[in-house]
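Structure first, then comments.
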Amino acid sequence: MNTKPKVPDTILDIRVRERLLASGVLDPKVLEQHIAELPDLEADAEAIELDQPALNPRESD
């Protein structure tokens with residue numbers, strides 16, 4: 001039986017993570033443990049090519 005408390009996904013959201021760490025709402029040790037427990041899915045990933053004009057502007061004709 002897992003006795004570890006479930007941390008809400010909203011607290012681990014990367015978009016607010018730095019703010020929550022700075023304010024003390026998110027414990028850095030909890031974050032480190034969460035990241036360490038994430039499965040490595042690199043082998044299941046598929047690379048896709050996307051045109052990114054902001055990064056590689058096309059030359060005008």
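Values in this text are rule-based calculations from the coordinates and carry no lab data. Values in this document were obtained by computation on a predicted structure and should not be read as measured data. Note: ideal-geometry Cβ built from the backbone for every residue, glycine included; neighbour counts use all protein chains shown.
I'm trying to understand the selection: among the residues of the stretch 18-45, which are small (Gly, Ala, Ser) and farther than 17 Å from residue 8 by Cβ? If the condition is that a residue be small (Gly, Ala, Ser) and farther than 17 Å from residue 8 by Cβ, then 22, 36, 43, 45 are the ones that fit. Total residues in the stretch 8-61 satisfying the condition of being surrounded by 10 or more Cβ atoms within 10 Å (Cβ to Cβ) and over 17 Å from the mean Cα position of the chain (by Cα): the figure is 1.
Taken over the stretch 5-59, residues that are in a loop (DSSP other than H, G, I, E, B) and among the acidic types (Asp, Glu) amount to 7.
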